[in-house]
Amino acid sequence: MPMIRCENVTKTYSKQDRPALDSVTLEVAKGEFVFLVGQSGSGKSTFLRLILREEKVTSGRMYVAGKDLSTLSQWKVPEFRRGIGTVFQDYRLLPNKTVSENVAFAMQIVGAAPKEIAREVPEVLELVGLDDYGHRMPAELSGGEQQRVAIARAFINKPQILIADEPTGNLDPTMSVGIMKLLDRINRTGTTVVMATHDDKIVDQMRKRVIELENGIVVRDQVRGIYGYSG
Amino acid sequence: MRAGFVTKEVLNGLRRNITLTIAVVITVAISLSLLGVGLLANSQVRVMKDYWYDKIEVSIFLCGQLSDSPTCSGGPVTSEQRAQIESDLKALPIVANVYYESQAEAFIRFKERFKGTALVDNVTADQLPESYRVKLKDPKQFAIVQSAFSGRPGIDSVQDQRTILDKFFKLLGVLRDGALAIGLISVLTAALLISNTLRIAAFNRRRETGVMRLVGASNFSIQLPFLLEGLISAIIGWGIATGILSALKSLVDARVAPLLTFTNFFGWADVWNASLLLLLTGLVVSAIASFLTLRKYLKV
Ligand SMILES: Nc1ncnc2c1ncn2[C@@H]1O[C@H](COP(=O)(O)OP(=O)(O)O)[C@@H](O)[C@H]1O
Ligand SMILES: [Mg+2]
């Protein structure tokens with residue numbers, strides 16, 4: 001059973017005539033690392049939102065982590081999302097909470113015991129290389145460090161899938177490399193990673209599977225791809 | 001989510017929205033107080049009715065020299081007629097007690113009432129009617145006495161003091177209904193303010209709620225802090241309203257009751273009953289306003 005499986009998935013937003021995703025069929029196996037590339041507006045974020053069940057498919061079928069999303073009832077969506085970690089270009093940290101509190105938040109939401117939280121938060125902060133940053137506020141961190149906090153939060157509940165939408169979009173190249181190394185490490189723990197990006201250098205370096213979208217259509221699906229066509 | 005975590009989030013929320021929280025508390029306090037005044041007005045009308053209706057009586061005036069109603073065409077009441085009326089009255093089960101007022105007693109009362117006026121000198125005892133003063137077990141059953149005795153030979157007229165009181169209480173009833181209506185309208189205002197406040201709170205905290213959604217918080221746990229904030233504001237407002245009503249009660253006891261000795265006043269039990277009803281109103285209104293608002297503004 002693949003971790004993600006799409007069968008003729010089409011998504012047309014209301015009041016739009018052109019679909020944002022057009023008849024996409026693909027599979028992502030457990031433990032895979034997939035780059036989603038394509039120009040702005042090609043449908044990358046839409047695809048990730050469908051995986052998260054933030055949006056519903058217009059037609060076609062979508063299976064994520066063993067669940068058929070077209071039949072998943074609304075009240076089961078929160079539980080489903082607990083199995084997916086998310087990272088965004090804008091970090092989405094809570095500015096009035098410390099680094100530790102931001103990471104702990106994800107555990108508190110799912111009702112984890114305070115003891116467990118106190119044990120796991122420092123571990124994850126160590127994993128992302130922010131051992132001594134627990135008491136700092138997000139505003140006191142660089143962009144790269146903030147993104148590490150976001151990754152720690154996404155990872156702390158040990159999700160099966162990690163979704164990253166342009167996680168390096170706001171970062172300079174050296175910071176980006178650090179973030180990619182971190183995502184690679186998380187992927188090595190068995191977590192499936194799907195990352196949308198249009199950072200060609202990163203894609204070329206990592207040599208992972210590349211799925212390219214153009215106007216909502218999959219125009220390329222390469223096992224060890226690079227950003228542009230390899231010819 | 002754990003209770004400790006929820007408590008912290010709720011307190012944070014109340015603090016971050018402190019001006020709006022205060023506005024909600026004050027509005028709830030005022031509107032519940034107004035509604036409470038309406039409820040106490042209702043109690044007061046009831047107390048006055050009990051007090052007055054307990055005192056009123058039905059008067060059966062017997063034919064005298066000056067009576068000119070058709071039933072008195074046979075002249076003043078005879079002693080047989082009087083004896084029959086009295087025994088019939090006492091036989092009625094709805095009658096609590098009967099008091100006979102002779103012409104001499106009527107004259108004494110008359111003199112007292114019109115003391116110092118020319119009337120007193122021009123009236124003699126035998127011009128005044130003798131009467132039975134009847135107290136009913138239930139003052140509302142006047143009609144039975146009326147139908148049994150009016151039109152009977154020897155009886156001039158049957159009068160019920162209730163008809164006068166009824167007009168008075170109708171007026172009081174209008175005032176009470178007005179007070180209740182104002183109270184209800186202001187409670188509605190409070191509901192709208194709570195709804196609006198929660199909408200602003202939901203907007204201010206869209207970052208948090210967005211993150212909560214992303215990490216898989218349930219709808220309920222996203223809405224709970226907001227709901228609790230609304231309820232806590234309502235409870236604080238209710239506490240103030242109860243304080244205001246208690247102060248009102250103390251004021252009535254200390255300042256008004258000594259001046260107005262012709263009636264009783266609502267008791268502390270009425271204040272506590274009203275307060276309980278206000279608590280229920282506050283909680284229900286706040287919960288409904290929150291539920292409707294949050295359902296709209298905090299979707300998963
Ligand atoms: N919420 C939305 N409502 C309507 N149209 C949308 C919405 N989100 C995205 N779109 C449209 O769908 C297409 C794909 O957008 P998106 O998935 O954000 O692309 P990408 O992430 O690759 O830039 C674009 O044409 C965009 O304008
Ligand atoms: Mg995008």
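The values are calculated or read from the model by the stated rules, or taken from the named source; none is laboratory data. Just so it is clear, the structure is predicted and the values come from calculations on it, not from any experiment. Note: ideal-geometry Cβ built from the backbone for every residue, glycine included; neighbour counts use all protein chains shown. Remember, those area values only see protein heavy atoms, side chains included, never the ligands or the DNA or RNA. Shrake-Rupley method; radii C 1.70, N 1.55, O 1.52, S 1.80 Å.
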Completion exercise
Within the range A:70-87, residues within 9 Å of another protein chain (Cβ to nearest Cβ), open to solvent by less than 30 Å² (accessible area, probe 1.4 Å) and not hydroxyl-bearing (Ser, Thr, Tyr) come out as A:Val77, A:Pro78, A:Phe80, A:Arg81, A:Gly83, A:Ile84, A:Gly85
Completion exercise
Among (1) touching a residue at least 12 places away in the same chain (Cβ under 8 Å); (2) away from chain B (no Cβ under 14 Å), A:Asp132 falls short only on (1)
Exercise for the section: Output yes when any residue across the range B:117-136 is hydrophobic (A, V, I, L, M, F, W, C) and either in contact with a His (Cβ under 9 Å, 6 or more places away or on another chain) or open to solvent by 60 Å² or more (accessible area, probe 1.4 Å) (or both), and no when none is. Expected result: yes
Completion exercise
For the range A:181-218, the count of residues that are modelled with pLDDT of 90 or more, surrounded by fewer than 20 Cβ atoms within 10 Å (Cβ to Cβ) and touching a Ser or Thr at 6+ places or on another chain (Cβ under 9 Å) equals 3
Fill in the blank from the handout: Note on the range A:113-133: residues open to solvent by less than 10 Å² (accessible area, probe 1.4 Å) and not in a helix (DSSP H, G or I) are A:Val128, A:Leu130
Problem - Pick from the range A:38-69, criterion buried (at least 19 other Cβ atoms within 10 Å of the Cβ) and more than 16 Å from ligand 2 (Cβ to nearest atom), ranking: nearest to A:Asn170 (Cα to Cα) - result: A:Arg53
Exercise for the section: Scan A:Pro159, A:Pro173 and give me the residue that is in contact (Cβ under 8 Å) with a residue 12 or more places away in the chain, within 14 Å of another protein chain (Cβ to nearest Cβ), more than 16 Å from ligand 2 (Cβ to nearest atom) and under 24 Å from A:Leu130 (Cα atoms). Expected result: A:Pro159
Completion exercise
Among helices (runs of 4 or more DSSP H) completely within the range B:44-150, the ones holding 1 or more residues that are touching a Leu at 6+ places or on another chain (Cβ under 9 Å) are B:79-91, B:103-113, B:142-149
Practice task
Give the range A:63-91 a look and list any residue that's in contact with a helix residue (DSSP H, G or I) (Cβ under 6 Å, 6 or more places away or on another chain) and either within 16 Å of ligand 1 (Cβ to nearest atom) or of a type in the set (Gly, Ala, Ser) (or both), or say none.
Solution key: A:Gly85, A:Thr86, A:Val87
Handout entry: Count of residues meeting criterion [at pLDDT 95 or above and either more than 24 Å from B:Arg206 (Cα to Cα) or not in a helix (DSSP H, G or I) (or both)] in the range A:94-106
Key = 1
Practice task
Tell me, yes or no, whether the range A:3-14 has at least one residue that is modelled with pLDDT of 95 or more, of a type in the set (Ser, Thr, Tyr), outside any helix (DSSP H, G or I) and within 16 Å of ligand 2 (Cβ to nearest atom).
Solution key: yes
Practice task
Kindly list the number of the only condition in (1) surrounded by fewer than 21 Cβ atoms within 10 Å (Cβ to Cβ); (2) modelled with pLDDT under 95; (3) among the β-branched types (Val, Ile, Thr) that fails for A:Ile109.
Solution key: (1)
Exercise for the section: From B:Ala257, B:Ala269, B:Ala181, grab the single residue that is farther than 20 Å from B:Met48 by Cα and among the aliphatic types (A, V, I, L, M). Expected result: B:Ala181
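If you take the residues in the range B:148-174 that are acidic (Asp, Glu) and in contact (Cβ under 8 Å) with a residue 60 or more places away in the chain, which one is surrounded by the most Cβ atoms within 10 Å (Cβ to Cβ)?
Here the answer is B:Asp156.
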Handout entry: Complete set of residues in the range A:114-129 that are more than 8 Å from every other protein chain (Cβ to nearest Cβ) and farther than 27 Å from A:Leu48 by Cα
Key = A:Lys115, A:Glu116, A:Ile117, A:Ala118, A:Arg119, A:Glu120, A:Pro122, A:Glu123, A:Glu126
Practice task
Enumerate the pairs (first residue in the range A:40-69 and more than 14 Å from every other protein chain (Cβ to nearest Cβ) and assigned to a loop (DSSP other than H, G, I, E, B); second residue anywhere and within 13 Å of ligand 2 (Cβ to nearest atom) and open to solvent by 50 Å² or more (accessible area, probe 1.4 Å)) with beta-carbon separation below 8 Å, excluding pairs fewer than 6 apart on the same chain, so at least 6 apart or on different chains.
Solution key: A:Ser40/A:His198
Completion exercise
Within the range A:94-106, restricting to residues that are within 8 Å of another protein chain (Cβ to nearest Cβ) and open to solvent by less than 50 Å² (accessible area, probe 1.4 Å), the one that is farthest from A:Lys158 (Cα to Cα) is A:Leu94
